[in-house]
Amino acid sequence: MKATLGCRVTCLVVAGFFSATVNGHGLLAAGWDPAAADYAGNKGKTIYVSKLGDNSDGSNWHKAFHTIQAALSAVPDDKGGHQIIVRPDRYVEANLAPAKAGAAGSYNALIGDFDGSLGSGAKGWVLLDSGDPERGFKSWDWWGAFRATDKHWPTGNKTGQTFSAIVCDRWIFRNMYTAGGDGGMCWDLTDKSGNGFTVVVEDCVGVGRAFGGGVCYPVVRPTEPSTFRRCYFLALDYVGDTAAVLLGGWEKTMPSAPHAVFEDCTMVHPDNAVAMSYASHCVRARFVNCRMIVLNFTQPEMGGKSTGIICTQGHSKTGRLHVDLEDCILAGYSVLTPGDDAKAASYSIKGKAQAYVQFKQPMPKGFQRLGLWPTELFARMAPPRTPEELKAAARLAGKPKAALVKLPVTFGDAMENTPLEFGGRTLLALNYRDDTKNHTDGYKKSMYLYLRDLATGREVARFGHGHSFVSALVDGPKLHVFASEGTDRNWFQSIYHFSSTDLKTWKRELAVPLEGDEHLFNSSVCRDEAGYLMAYESDKPVTFCFKFARSRDLSKWQKLPGLVFTGEHKEYSACPVLRFFAPYYYVIYLHTATAGRKGWEPFMARSRDLTTWQLSPANPILQASAGEGVNNSDVDLFEWQGNTYLFYATGDQQTWGSVRPAMYRGSMKSFFESCFPDGQTTVEVRTRTP
């Protein structure tokens, strides 16, 4: 159990951490992503692709289609929310085209089972190889991963037809590796240019002759730019309209929002990392924490030429390219296209924009010139490795402990909390109670639950009077909140379930009743393969420990008898937060001070069966630092915009405390896995009691 401390929040607005991407025209994809836990859109069809299937109807792994195109052709309607799950393998296919686009609020998704967590039985890339299986690399306009042709292209349209890649509108592409043709993760609207168009591309590799990635030629959707996250783009040609990333816009004046956003991406090319397509009018793109590597460091005295890392060649009078750069690093002959063509480019800089260029080339205003070879940048030239390659490297080098970075933000007086995303907003569930009234007639009346908007700092809901120890879970269009019922003089009682779809009307029902003279406090609920699992804190048989309960509908709960987590030595094991990433359950719980340490610290454990648990060799995962007293407790976490944010309480467990966030750069799944490095010994504890 955590200290019984009042939890009135004097909230600081944290828009700088939790709404920067939205305000900077990024994409809140979770609400539209059919694979997201809090997806609220149309419940579509799931289609499977595996060469081990029987190629019948794609309804499961056994009946999986053999080709990706067969699955794309089987998308039944344009309501969105459909998913195609692909077993890692090499698929010799080109010019893919979905039967239906996605929908606003309900994107479709094409997902490779990169780590085997989706049940394919394999790990690695879904390699979409557009080459000729006998003769090798295949290239002519247009031959690539995604279909787009124009019968008027002078450079070799072999079909004599026009076809627009707009059929991929509002699709998500994840864990795909494309190669062997003209374009990788690149879409051209051809005769549908000037329409809105959005793709979300995450954790992909795009390799092509002309382009590794890009979009041409939509008009801006201000709240739905095409978004590329954690991707690698490589193009192999250097002549003409070619770049690692090619961009084209259709507006005649520069839009205020970007056509495309690139976050944590690497772009490699012989001459241009980013280029404006020849047919483009005005195009705008945003790059956050990106790496642009150009291999051309030519010698102009010998006739060498370069068109720049950011290329606007041929556009001095006909078009404009604007790039918004935030904490990016570039390398190549020159930042911009030399000569008058540079006039077609404009830019803004936030944070740092560093560039390593040929020593005679001018440095545009605001860029920081690097004088020494950027070793870490050029180490990123190769495409990302497979899971097995990463594991092998980790065994050789020793995989480090997860790097949690504490952010310089506090939420004032607070303790129990759950960060979440609901209805397109990032929220923080909290509770307030006045512990100075403990053991008085006014204690229960002082308690309530509430929600604050992380972007505005405003309270958006207050409910659950007389309850405390809040936790929350989003399930589609409904928010579920769990809390213990307080009393004036007999501590905390049973755990109740509150649910709402509008944050105004709340349904209350009993979830987990106490037994005998025990008291119940914190709880945490996660989804698993059987439905929902709850870990809940009790003061029996150990003060404190946690137990488990199951539900299929979040309404009716059944306790799992005989399972009690009491740590390694029947010790204080409080305020659990529970998550499931197959095949493991992970729990973060509070441990009292260990030898040589000064206070309460969160530990992590994992289990396949809820009976045998392994303690993380990275424990404790957090420690109180300067200004945080002796306490890092009451952990809860969520994944947002590709990173994991862990909220925790500081203080002295008696008189004061506040909630602060820490960030892990990566998914929640990778955060948990990083705390259990391969090859390191773990301590096992058991929860089964007679």
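The values are calculated or read from the model by the stated rules, or taken from the named source; none is laboratory data. All values derive from a computational prediction rather than experimental measurement. Don't worry about glycine lacking a Cβ; one is built from the backbone with ideal geometry, like all the others, and counts go over all protein chains shown.
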For the stretch 644-673, enumerate the residues that are outside any loop (DSSP other than H, G, I, E, B) and in contact with a helix residue (DSSP H, G or I) (Cβ under 9 Å, 6 or more places away or on another chain). Thr644, Tyr645, Leu646, Pro661, Met663, Tyr664
Quick check on this structure: which one of Lys559, Lys540 is assigned to a strand (DSSP E or B), surrounded by fewer than 18 Cβ atoms within 10 Å (Cβ to Cβ) and either touching a Lys or Arg at 6+ places or on another chain (Cβ under 7 Å) or assigned by TED's automatic domain parsing to the domain that holds Val587 (or both)? Lys559
Within the stretch 219-226, identify whether any single residue is in contact with a helix residue (DSSP H, G or I) (Cβ under 9 Å, 6 or more places away or on another chain), buried (at least 24 other Cβ atoms within 10 Å of the Cβ) and under 20 Å from Ser193 (Cβ atoms), and answer yes or no. no
Taking Phe137 as the residue in question, decide whether it is closer than 20 Å to Asp237 by Cα and surrounded by fewer than 17 Cβ atoms within 10 Å (Cβ to Cβ). yes
Test each condition in (1) within 24 Å of Leu578 (Cα to Cα); (2) not in a loop (DSSP other than H, G, I, E, B) for Lys445 and report the one that comes out false. (1)
Residue that is assigned to a loop (DSSP other than H, G, I, E, B), touching a helix residue (DSSP H, G or I) at 6+ places or on another chain (Cβ under 6 Å) and on the phi > 0 side of the Ramachandran plot, where the choices are Gly58, Gly81: Gly58
Only one of these is modelled with pLDDT of 95 or more and closer than 22 Å to Asp413 by Cα: Leu451, Leu479. Name it. Leu451
From Ala618, Ala624, grab the single residue that is crowded, with 20+ Cβ neighbours inside 10 Å and assigned to a loop (DSSP other than H, G, I, E, B). Ala624
Would you mind listing the strands (runs of 3 or more DSSP E) fully within the stretch 96-181 where at least 3 residues are among the aliphatic types (A, V, I, L, M)? 108-112, 126-129
Pairs, please: C-beta under 8 Å, at least 6 apart or cross-chain, first residue closer than 24 Å to Asp191 by Cβ and in the stretch 130-153, second of a type in the set (Lys, Arg)? Ser130/Lys138; Ser139/Arg209; Trp140/Lys158; Trp143/Lys158
In the stretch 422-432, what count of residues is obtained for those that are buried (at least 20 other Cβ atoms within 10 Å of the Cβ) and either modelled with pLDDT under 90 or part of a helix (DSSP H, G or I) (or both)? 0
Is there a residue in the stretch 245-255 that is in the same structural domain as Gly181 (by TED's automatic domain parsing), over 17 Å from Ser193 (Cβ atoms) and within 27 Å of the chain's Cα centre (by Cα)? yes
Given the structure, is Ala455 part of a loop (DSSP other than H, G, I, E, B), closer than 15 Å to Thr426 by Cα and either in contact with a strand residue (DSSP E or B) (Cβ under 9 Å, 6 or more places away or on another chain) or not assigned by TED's automatic domain parsing to the domain that holds Thr655 (or both)? yes
Among the residues that make up the stretch 563-570, is at least one of them over 19 Å from Lys478 (Cβ atoms), loosely packed, with under 14 Cβ neighbours inside 10 Å and of a type in the set (Lys, Arg)? yes
Restricting to the stretch 228-244, and then to whatever is in contact with a strand residue (DSSP E or B) (Cβ under 6 Å, 6 or more places away or on another chain) and among the hydroxyl-bearing types (Ser, Thr, Tyr), can you tell me which residue is modelled with the highest pLDDT? Tyr232
Residues within the stretch 225-241 that are in contact with a His (Cβ under 8 Å, 6 or more places away or on another chain) and under 16 Å from Arg170 (Cβ atoms), tallied: 2
Close pairs from the stretch 501-524: first farther than 16 Å from Ala429 by Cβ and without any contact (Cβ under 8 Å) to a residue 60 or more places away in the chain, partner among the acidic types (Asp, Glu) and assigned to a loop (DSSP other than H, G, I, E, B), Cβ under 7 Å, at least 6 apart: Glu518/Asp539; His519/Asp539
For Ile588, state whether it is modelled with pLDDT of 90 or more, in a loop (DSSP other than H, G, I, E, B), within 25 Å of the chain's Cα centre (by Cα) and surrounded by 15 or more Cβ atoms within 10 Å (Cβ to Cβ). no
Among the residues of the stretch 182-214, count how many are on the phi > 0 side of the Ramachandran plot and either buried (at least 24 other Cβ atoms within 10 Å of the Cβ) or assigned to a helix (DSSP H, G or I) (or both). 2
Do you know which of the residues in the stretch 167-181 that are in contact with a Gly (Cβ under 7 Å, 6 or more places away or on another chain) and farther than 18 Å from Leu127 by Cβ is surrounded by the most Cβ atoms within 10 Å (Cβ to Cβ)? Asp169
Out of the residues in the stretch 234-274 that are among the charged types (D, E, K, R) and assigned to a loop (DSSP other than H, G, I, E, B), state the one that is surrounded by the fewest Cβ atoms within 10 Å (Cβ to Cβ). Lys252
Leu321 vs. criteria under 24 Å from Leu234 (Cα atoms), part of a helix (DSSP H, G or I) and in the same structural domain as His259 (by TED's automatic domain parsing): no
Ala535: in contact with a Leu (Cβ under 8 Å, 6 or more places away or on another chain), small (Gly, Ala, Ser) and either in the same structural domain as His497 (by TED's automatic domain parsing) or closer than 19 Å to Gln493 by Cβ (or both), yes or no? yes
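The rows are residues; the columns are (1) among the polar types (S, T, N, Q); (2) modelled with pLDDT of 95 or more; (3) closer than 21 Å to Tyr39 by Cβ.
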position	(1), (2), (3)
Tyr496	no, yes, no
Asn522	yes, yes, no
Tyr532	no, yes, yes
Tyr536	no, yes, no
Quick one: in the stretch 598-609, of everything that is crowded, with 17+ Cβ neighbours inside 10 Å and out of contact with any helix residue (DSSP H, G or I) (no Cβ under 9 Å at 6 or more places or on another chain), which residue is farthest from Phe647 (Cα to Cα)? Ser607
